[in-house]
1. Within the range 11-39, can you find the residues that are assigned to a strand (DSSP E or B), closer than 22 Å to residue 61 by Cα and at pLDDT below 80?
2. Looking at 116, 145, 110, 130, which is the one that is loosely packed, with under 12 Cβ neighbours inside 10 Å, basic (Lys, Arg) and farther than 30 Å from residue 44 by Cα?
3. Scan the range 40-56 and tell me whether some residue there is modelled with pLDDT of 75 or more and part of a loop (DSSP other than H, G, I, E, B).
4. So, residue 143, is that one outside the structural domain of residue 46 (by TED's automatic domain parsing) and in contact with an Asp or Glu (Cβ under 7 Å, 6 or more places away or on another chain) or not?
5. Please determine whether any residue of the range 106-127 is within 20 Å of residue 173 (Cβ to Cβ), touching a strand residue (DSSP E or B) at 6+ places or on another chain (Cβ under 8 Å), in contact (Cβ under 8 Å) with a residue 40 or more places away in the chain and among the aliphatic types (A, V, I, L, M).
6. Do we have residue 139 as in a strand (DSSP E or B), at pLDDT 85 or above and of a type in the set (Gly, Ala, Ser) here?
7. What residue, among those in the range 88-119 that are out of contact with any Ser or Thr (no Cβ under 9 Å at 6 or more places or on another chain) and of a type in the set (S, T, N, Q), is modelled with the highest pLDDT?
Amino acid sequence: MQSDSNTMGNLYIDIEVDGDMKEGVVHLKDDHGKEWFEVKQDLSQYQGERVRFKLRGVTGSSWCGDIAVDDFTISGESTGIKGTIKLPKDYTLAYNGSRILFQIPEYAQKKTVSVKLFNVQGKCVRTLIKGMVEPGSYSVGVPVKQDMHTLAAGLYLCRMEVGSYTKTINVLVKK
């Protein structure tokens, strides 16, 4: 572990990219007073990779030293040859056995979201969500009975569309 001989301590942000740890990508030290200190780090080189962050605080030699992280946000855009890349792509869609769970990331603006259920032949059998949605986490039940039509037990596909982003997962309806 790295250490400096300052009295306030050190804060390190390590980044693990697909199992490879890069230590001290961000390193803060010394007394920054009572003002909040903001660090911006370009992460565009990791676009498309699985990235995990580790924050390490190493206390200094003084009894009055402290280390605090108030807000940790990943956001922004990077313009590349193929256009604009949003970081990270953390729209999520999951099924927990009774409910469809989805998330619109905080960096996204209010978006039109569509979450639909399809049978294995590709026919839409339920529209679960269609409309403008604010960033946040959502949960919606899978209505087995709707308008006098009952879903048969079996495998269905659930597709979420947000702008050009599309994700499809399997949903198993049990009776």
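The values are calculated or read from the model by the stated rules, or taken from the named source; none is laboratory data. This structure is a prediction, so every number in the text was calculated from the model and none was measured. Heads up, the Cβs are rebuilt from the backbone with ideal geometry, glycines too, and the neighbour counts pull from every protein chain shown.
1. Those that are assigned to a strand (DSSP E or B), closer than 22 Å to residue 61 by Cα and at pLDDT below 80: 24, 26, 27, 28, 29.
2. Working: 116 fails: loosely packed, with under 12 Cβ neighbours inside 10 Å; 110 fails: farther than 30 Å from residue 44 by Cα; 130 fails: loosely packed, with under 12 Cβ neighbours inside 10 Å.
Going through 116, 145, 110, 130 in turn, just one is loosely packed, with under 12 Cβ neighbours inside 10 Å, basic (Lys, Arg) and farther than 30 Å from residue 44 by Cα: 145.
3. The answer is no; no qualifying residue exists.
4. On the way: outside the structural domain of residue 46 (by TED's automatic domain parsing): yes; in contact with an Asp or Glu (Cβ under 7 Å, 6 or more places away or on another chain): no.
Answer is no for this residue.
5. Looking through the range 106-127, at least one residue is within 20 Å of residue 173 (Cβ to Cβ), touching a strand residue (DSSP E or B) at 6+ places or on another chain (Cβ under 8 Å), in contact (Cβ under 8 Å) with a residue 40 or more places away in the chain and among the aliphatic types (A, V, I, L, M).
6. Values: in a strand (DSSP E or B): yes; at pLDDT 85 or above: yes; of a type in the set (Gly, Ala, Ser): yes.
Spelling it out, residue 139 is indeed in a strand (DSSP E or B), at pLDDT 85 or above and of a type in the set (Gly, Ala, Ser).
7. Result: 119.
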